[in-house]
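One structure below.
None of the figures in this text is laboratory data; all of them are computed from the coordinates on show. Everything numeric here is computed off the predicted structure, so don't read it as measured data. No Cβ is skipped: glycine too gets one built from the backbone with ideal geometry, and neighbour counts run over all protein chains shown.
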């Protein structure tokens, strides 16, 4: 090798040819440094590894704190992405009919916005009137409950019925629940702001979903990029199928409940109660049961026969939904064992509440797909 303009034999490699070249026919010459010759590398002792190990731990802790501080914002981004994935099948359907992506996205956005506006104009006033009627009749139902001896004993000991009457009669139970008038107003403003952010992000994700996913796929090595893209597209397709499927299942529950309740003694609250059933039915595992309990309790307070009819109807409908509607709607999007669905929903609810329960099942399906296609196949090759 050449060092400081002269040939130096390399005892370890056994090379010391003074005629060695640099690959272009010339001698490989290292110019001398005006600041002296470099010494041996520093010894990487325990202090070196401990210092950089501690520095890495501090940086990791700082990143964790940063992510935790923007957790609510990240949740909005995740919800918006799931909604965009849920609307994406409709966009792809229009694309297969010959529309460009931009036109298909615009059409889906206009239809979705029109549906929301129609719901607000036509349904919300009806629900508001029926909720007001429920509130006005609540004291009567509480009086009916007091006729039960066990309820009377509980009321005498804990004063539950009287407190409930005061809350309903004063009309401030909602504001009290959220910490007073100021707290209730702040909650409303926060909810409106979050809804606006989710809508804007959903529109952006939906319009640029292909571009965004393509940019993410570019981070994978070129040799595996095609496989990563196919797996990623499958995951997004499954998420979209689950979101749209959950909406269809909830819509079936709401319409069925509306038709049934219209022929009972609680028909004047049918729209509001059907909306509650549809809204709660979106929650995995327990949502349908909660909706059935709420509606049946109100029906029992109004008329015993209607309450018994509600219990029978919801018991039959839940079996139809669990074994007929849900499998048919979800068969093409989420293929998970029942135990995995239960565990995923419980873990998601424990981590992020209702939102976590909603996102847990498609997330579990995506993880299971990656395990089957990556981990299991790699093990099969060994």
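Taking the average, over residues, of other Cβ atoms within 10 Å as the packing measure, peptides 46-53, 323-330 rank 323-330, 46-53 from highest down. Divide the volume of the convex hull around the Cα atoms of region 254-308 by the residue count and you get 60 Å³ per residue.
Put in order of Cβ neighbour count within 10 Å, fewest first, the listed residues 43, 237 become 43, 237. Residues 295, 334, ranked from the fewest to the most other C-beta atoms within 10 Å, line up as 334, 295. Listed peptides 286-294, 101-109 appear in the order 286-294, 101-109 once ranked by packing, highest mean of other Cβ atoms within 10 Å at the front. A straight line joining the Cα centroids of region 283-326 and region 27-100 runs 49 Å.
When each of 268, 37 is scored by the number of other beta-carbon atoms lying within 10 Å, the sequence from fewest to most is 37, 268.
The eigenvalues of the Cα gyration tensor, multiplied by 5 and square-rooted, give region 197-345 an equivalent ellipsoid with semi-axes of 40, 17, 11 Å from largest to smallest.
Highest average first, the peptides 302-311, 352-361, 206-215 ordered by how many other beta carbon atoms sit within 10 Å of their residues are 352-361, 302-311, 206-215. With each label modelled as a point 7 angstrom along the Cα→C-beta vector, the residue 43-residue 197 pair spans 5.4 nm.
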